[in-house]
Amino acid sequence: MNTADPRDRAAGLLLGAALGDALGSRFEGMSAVRADQLDEVETSEGELRYTDDTVLTLVLAEHFAERSPGSGIQQQDLALDFARAWRAEPGRGWGGGIGHVFRAVLSGSEWSSAARNSFGGQGSYGNGAAMRVSPVALAAPTPPEAATLGLRSGEVTHAHPDGAHAAAVQGCAVHLALSTPADTALDPDRFLDRVAGCCPDSRWISLLERTRAVPRSSSPAEAAERLGNDVTAPGSVPLALFSFLRHPDSPREAVRFAIAAGGDTDTIGSMAGALAGARCGATALPPEPLRRLEGAGRLRELGTLLAG
Ligand code: R7I
Ligand code: MG
Ligand code: MG
């Protein structure tokens, strides 16, 4: 039974994102992950450390927590806070090009020119804007407003429309997951329709269509084959959505599906974990790995605080 308690769901959103990241990070870049490998990571001892995905999710959540509700995003402040977090923790497995953006911001550039100047002037279409976006669901009153906030948070570093709109899509999807009735079965087609309805970008609308067309019974490998599992936004957000829609009532299974598909496992696991955690709540997360999760106390606190 999923919870209807908004505070538990808000905590589940942030904890689910971090748990997916930490579990998935053990397998980043592998072509597929077996069930026994996942079992071992879930049950072994020692802290489960998160990566850049959660570092930046925390920065965005703190951005909202420090301001009065409804004040939106101050983009230059956010860019600077992201960049400072990158500088403070270089060992968190950052994307290949993001350092250029952060370095420019730290040396005084406006976020807009720093983001636009990466990758030969076209901006990044990496999944970094989508991987950190889940807190917008706790700061926006409606799914379309979550999409708008997602886009504003995303474009701070990802100027390419594929990268920036991915944050709108994932932000709106997390908001929808948070507000799905706890005791009613989730209808995947309707869910994807509602996400598409919040998204003004034709390329993302066709990626959502492609996600809908994947047979629901597909294995992780088949889903990855159809949707991709790489570090680009179009090659990872659809698989995260599919993983959640495949197991909407079990965060553990949603995250395991995402990671089993291989590739960018921390990020796809994290995005699936945010969605499933938002629907099912912190109490539905697997207790053993959760107990070992780095930063769990602060993540829970921020979720509860932002839930109001
Ligand atoms: O998007 P970003 O922050 O990366 C996030 C990923 C996640 O998997 C994290 O867990 C971490 O491991 O990295 O960082 P970017 O460097 O902006 O984008 C990630 C990658 O996408 C880059 O290193 C490139 O391989 C690719 N990429 C591009 N390649 C060519 N042209 C992104 N944009 C482009 C592009 O415009
Ligand atoms: Mg990472
Ligand atoms: Mg990753």
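Summary of values
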read-out	value
Solvent-accessible area, 1.4 Å probe, carbon plus sulfur percent, for region 66-160	51 percent
Estimated translational D of region 57-128 in µm²/s (Stokes, Kirkwood radius over Cα pairs; 20 °C; 1.002 mPa s)	166 µm²/s
Positive-end residue of Ala182, Asn127, Ala282, charge dipole of the chain with Cβ unit charges	Asn127
Probe 1.4 Å, accessible area per residue of region 240-308, Å²	26 Å²
Average silhouette area of region 28-159, convex hull of alpha-carbon atoms, in square nanometres	9.9 nm²
Fraction in percent of alpha-carbon pairs per bin - 20 Å, region 6-307	40, 58, 2
Protection proxy ranking, peptides 238-244, 272-278, average beta carbon neighbours within 10 Å, highest first	272-278, 238-244
Unpartnered cysteines - no second Cys beta carbon under 4.7 Å - across the chain	Cys199, Cys280
Of the GluC sites (Glu not before Pro) in region 1-78, those whose Cβ has at most 14 other Cβ within 10 Å and which sit in DSSP loop	Glu45, Glu47, Glu66
Per residue accessible area of region 124-233, 1.4 Å probe, in Å²	37 Å²
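The values are calculated or read from the model by the stated rules, or taken from the named source; none is laboratory data. A quick note: this is a predicted structure, and the numbers were derived from the prediction, not measured. Please note: Cβ atoms are built from the backbone with ideal geometry, for glycine as well, and neighbour counts cover all protein chains shown. Heads up: the accessible areas ignore ligands, DNA and RNA and are worked out on the full protein's heavy atoms, side chains in. Shrake-Rupley method; radii C 1.70, N 1.55, O 1.52, S 1.80 Å.
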